[in-house]
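Written below as structure tokens is the structure these notes are about.
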Amino acid sequence: MTYKNNYNSNKRYVKKDDRPRDGGLEVTVRNGDLEKAMRVFKKKVQKSGILKELKAKQYYEKPAEAKQRKKKEAVKRWRKLQKKLEENS
């Protein structure tokens, strides 16, 4: 029985650094108004969830805790959707 070295022959194994990255966040500064550009940048960072992801990865989260957190977030999304549907009705 022979075993094949899949690391070099299979394209699925790619180093994390070699993965294509998304474009990232970009903000243009107009008329030297850095204050406004910073506000826009902060909004984009918050909306993309970069900081939330970094804080979550700062410490190890047990699988059971992750499951509880995801369930709690799903319930929150569902309640928000229900509230929005009630307002439209």
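The values are calculated or read from the model by the stated rules, or taken from the named source; none is laboratory data. Predicted model only: the values in this text are computed from it and were never measured. Cβ sites come from the backbone with ideal geometry, for glycine too, and all protein chains shown count toward neighbours. Just the protein is used for accessible areas: all its heavy atoms, side chains included, with ligands, DNA and RNA removed. Shrake-Rupley method; radii C 1.70, N 1.55, O 1.52, S 1.80 Å.
Some points to look at:
- A search for C-beta distances below 8 Å between a residue of region 25-41 that is over 20 Å from Leu51 (Cβ atoms) and outside any helix (DSSP H, G or I) and any residue that is open to solvent by 90 Å² or more (accessible area, probe 1.4 Å) and charged (D, E, K, R), counting only pairs 6+ apart in sequence or on different chains, returns Arg30/Lys36.
- Applying the condition of being loosely packed, with under 10 Cβ neighbours inside 10 Å and assigned to a loop (DSSP other than H, G, I, E, B) to region 1-12 and asking which residue is modelled with the highest pLDDT yields Arg12.
- Qualifying residue in region 57-77 (condition: over 29 Å from Glu26 (Cβ atoms) and among the β-branched types (Val, Ile, Thr)): yes
- Complete set of residues in region 41-69 that are hydrophobic (A, V, I, L, M, F, W, C) and surrounded by fewer than 10 Cβ atoms within 10 Å (Cβ to Cβ): Leu54, Ala64
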